[in-house]
Each structure stands twice: as C-alpha cells, then as structure tokens.
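The values are calculated or read from the model by the stated rules, or taken from the named source; none is laboratory data. On a predicted model such as this, the values are computed, not experimentally measured, just so you know. Here the Cβ is made from the backbone with ideal geometry for all residues, glycine too, and neighbour counts use every protein chain on show. SASA here: full protein model, heavy atoms, side chains in, ligands and nucleic acids out. Shrake-Rupley method; radii C 1.70, N 1.55, O 1.52, S 1.80 Å.
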Amino acid sequence: MLAVVHVLGQLLTIFGLTYLLPIATSLILRDGTWWDFAVAGLINSGAGLAIWASTRRYKRELRSRDGFLLVTLAWVLMSAAATIPLLIALPDLSFTDAFFETTSGLTTTGSTVLVGLESLPPAINLWRHALHWYGGMGIIVLALAILPLLGVGGMQLYKAEAPGPVKDARLTPRITETAKALWLTYTGVTIACIVALKFCGMSWFDAICHAFSAMALGGFSTYDASVSKFASPAVELVLVVFMLIAAMNFARHFIAIRRLTFAPYRTDPEVKAMLFVLGLSTVLVAIVLLLHGRYDGAWETLRHALFAVVSIGSTSGFVSEDYERWPAFVGYWLLFLSCICCNTGSTGGGIKMFRTLLLWRQAGRELRLMVHPQAVEPMRIGGQVVPNRIAYAVLAFIFLYFMTVVVLTFALLLSGLDIVSSLSAVLGSINNMGPGLNRVGPTSNYQSLTDFQTWVCTLAMILGRLEIFSVLVLFTPAFWRK
C-alpha cells in the first residue's frame, strides 16, 4: 500500500506542472487568475513531494493488484487536486460541484454544473478543457511517457488504464515507448484539429478549447450554447471528422501514420462496424426528422442528424441542436448509440464496439450450436480467434455494466429524480458522454441536481472511465488477501 502511496506522490508532483498552461494563459490574457493556479500548483507539487519523500523507503516494483489500486486512487486524487483553482477563483462553487466538474473533465464526460461559461475567466475555461485533454489518453500513461524514471511496473499500470478488454497489445517493446507513440499521435492530431477549427472561423482560444474536447471526446465548450453558438456547417463538419478519428483506436492511427497507409482502418472490424452503425443511424434519424417536418430542407436535416449522431454516438456530447425537441425515438436512440459505438483504445466511453461485436458473434454462435450441438466453432473477430477467457470477461463486464446502470438509476429515483432524468443521467455519466434527457438534457446541465444526485453521477463517471472492473475489484476480499 505504501508503495502505491509513493507513486501517488510522484504523480501529484507531476500534476502540479500542468498548471503552467493556465498560468501562461492568464498572464497573456490578463484575466487575473494566474495567482489562483500558481497557489494550486504549489499546493499540489508541495504535497506530492512531501508524500514522495516520506515513502521513499517503500519504493518497489508494483504488482498487477497495485496497478488497479493506483489507477483508481490517482483518478480520484487528481480530480480532487484539480478543484483547487476552481474553488479559489469561483468562491460560490461548492466542493461537491467543483469535484463533479473536474471529474467530468478528467473522465472526458463533459457534464457541467457551471452556467455563463462565456463569462468565465479564460484560464478557468482553458483549465476545464485541458483536463479533458489530459484525461483523454490517461494521466498515468502521460506520466509514464514524460517521466520514465518513475521506476514502477509500467505494464501493470497500462493494462489497468488502457480502455477496452484487449489490454496486452503493445506498439513497441517497452511501455514507455508505447505511451510516447500514443501521445505523439494524440498531440499531432489535436494540432491538426486546432488549425482546422481556426480555418473555419473560430478564434485561437475557442479552437484550442474545442479541439481539446473533440480529441478527448469530452464535450466541454466555452459557451452555454455549445457548438450551436457558432451556427457553422464548416465547424460542425470539422468536429465530426475529428470526433470520428478520436473514436477509433489510436494504435491504428499510429500505425497508419508510420506506414502512410489506410490499411489498418480497412482491416479493423471495430472501425467498419462503428462507421456502419453511425452511418445507418444518421440516415434513420434524418428520415425521422424529415417525416416530422422538423427542418425545411433535406441537406439541413442531414447536417443536424449527422452531427447529433456522431457527437452522442462517439460519447463526445457536443450539441448543435436541441435533440430533445425531436421525436422521442431519436433521443433514446442516441443514448443507445453512446453505449456501443466507440472503439477500444479510443478516448471514448461506453461498452465499446469490440464487446458489442463479440456479443453479437456469441449470440449467433449459440443459435447455430442449438441446431448443430456437436459443431466446433471458435469465436472470430477480424479473422482472429478470440480466446474463451476474453469472451467470459466480456460477458461479466456487460452484466456488471447493466447492473451498475440499474443500481445507480434506482439510487437517483430514490432521491426524487424522475425516471427519464435518472436513467439518462446515469447513462450519460457511465458512458462518459455528458448530456441526457429532461433535467439533464442538451440545453440544460447538471446544476439542478442535489448534492446526493451529483455524487451518484460522479461515481458513475469514474466507474465508466475505469471500465467498472478496475474499481469494483478493489471491493473484493480476494484483492486484499495476501
């Protein structure tokens, strides 16, 4: 346990350096908050150094169980540490709401309890979006990429942190090299997104903030009206393209860039399935909107349908139109898409397309075995045989996922929240997607929730980001048994 605390001290020290970006922003734009971030950075780095120094003698190679504990504690600790500048700069903000906001940022959920976003100090707004960007690929992976001298068992941490069930694949022999490759790819695509948004008419500040959100599939915006503030088809198209990129496995992007070929995408069953589902859903939603006469022309209908489907389906959560005013079918269909569409190894949330494909293949195999019970039919995805242990793990994950949704939804119902808001708030949180329906709909936010309801959604965000297993395993007796 003390070895884990030692590493947490190192991570907290490193996290203190992330305040340099909002400090520089505040000094350049003269919004007066640079001192708030400087104090927060000193507190974080000072506390981290104190923890690191006091536990130096307990340093050792971490085991797999240490990795799960470290990831969960690090996410909670970093979210708590990130609240300091918000609490100083926004004195009316409670710790509950501040912790919700920073957890939403780091888990790339994008739910917010703040209103009047355009009137916030620019450094505060940038800090919210920077949390998205840091959380997009994982703070722990970032730490391993920039500070290999941490001296901990990197692969244990990466396996606990990496999204999706396929956690053993590596791009390079060493985890630090893998992390560097992923972050270089992530950074390069983010820069391209910033330039594209600026070219479409955004200011540099808005372009940076929205690119951070798009690449992390977070959904924070610098305006209460989100993307609808810009009313720009060009901006929406750029965001659609980069949200789709972010919803794919970043290992595929790295390989495609290194080899200068699109072959990795053509052979990836997740990419093909995701694009098929999102494409078909766009057509379906557009037809429903046309039949209800929501918009005048087919192109305008298709534009809004495409953005809503990709934004919610990729768990980004940007809003260009109030989809709650659309037919009820559309809102619930979008929530369903947020559960299944993102690829493993992406910055998105939800069940992930790999698990969706596996369950689909497993269901088909079981139906065929009912007709031919003696047949030997291995599970294959993308031409590769999926070991039974992965299939069993996916089935267990799906069970825990839906049971978690049910339990947390009933907790919100018990607190007095209506069924539509309760279910959509839990799905929006556990899928790290953000907006839901009714009281937490696309034109509302989570400010109206009580403290208890806010903490339930905060727990759902953490469970969703760490894919449930990494957190729930800490509560099993076997984990703590020597």
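Structure notes:
- Number of the exception - S316 against (1) within 28 Å of A425 (Cα to Cα); (2) out of contact with any Ser or Thr (no Cβ under 9 Å at 6 or more places or on another chain); (3) in contact (Cβ under 8 Å) with a residue 60 or more places away in the chain: (2)
- Hits in region 445-479 (condition: of a type in the set (A, V, I, L, M, F, W, C) and open to solvent by 30 Å² or more (accessible area, probe 1.4 Å)): F452, W455, L459, F469, L472, V473, F475, A478
- Subset of region 282-307 [aromatic (F, W, Y) and either touching a Gly at 6+ places or on another chain (Cβ under 6 Å) or open to solvent by 30 Å² or more (accessible area, probe 1.4 Å) (or both)]: W299
- Residue match in region 433-442 (condition: touching a residue at least 40 places away in the same chain (Cβ under 8 Å) and outside any loop (DSSP other than H, G, I, E, B)): yes
- Of the candidates V426, V420, the single residue that is modelled with pLDDT of 95 or more, open to solvent by less than 50 Å² (accessible area, probe 1.4 Å), outside any loop (DSSP other than H, G, I, E, B) and under 13 Å from G350 (Cβ atoms) is V426.
- Looking across region 282-320, the residues that are of a type outside the set (A, V, I, L, M) and more than 22 Å from the chain's Cα centre (by Cα) come down to T282, H292, G293, R294, Y295, D296, G297, W299, E300, T301, R303, H304.
- Scanning region 443-468 for residues that are assigned to a loop (DSSP other than H, G, I, E, B) and under 21 Å from Y134 (Cβ atoms) gives L466, E467.
- S228 being small (G, A, S), within 26 Å of G135 (Cβ to Cβ) and open to solvent by less than 10 Å² (accessible area, probe 1.4 Å): no
- Check on A38, more than 16 Å from V71 (Cα to Cα), at pLDDT 90 or above and open to solvent by less than 30 Å² (accessible area, probe 1.4 Å): yes
- Count - residues of region 240-256 that are within 26 Å of L306 (Cβ to Cβ), assigned to a helix (DSSP H, G or I), of a type outside the set (K, R) and open to solvent by 20 Å² or more (accessible area, probe 1.4 Å): 4
- When V330 is tested against (1) open to solvent by 20 Å² or more (accessible area, probe 1.4 Å); (2) not in a loop (DSSP other than H, G, I, E, B), only condition (1) is not met.
- Test set (1) in contact (Cβ under 8 Å) with a residue 24 or more places away in the chain; (2) closer than 20 Å to S346 by Cα; (3) surrounded by fewer than 23 Cβ atoms within 10 Å (Cβ to Cβ) - G201 fails condition number: (2)
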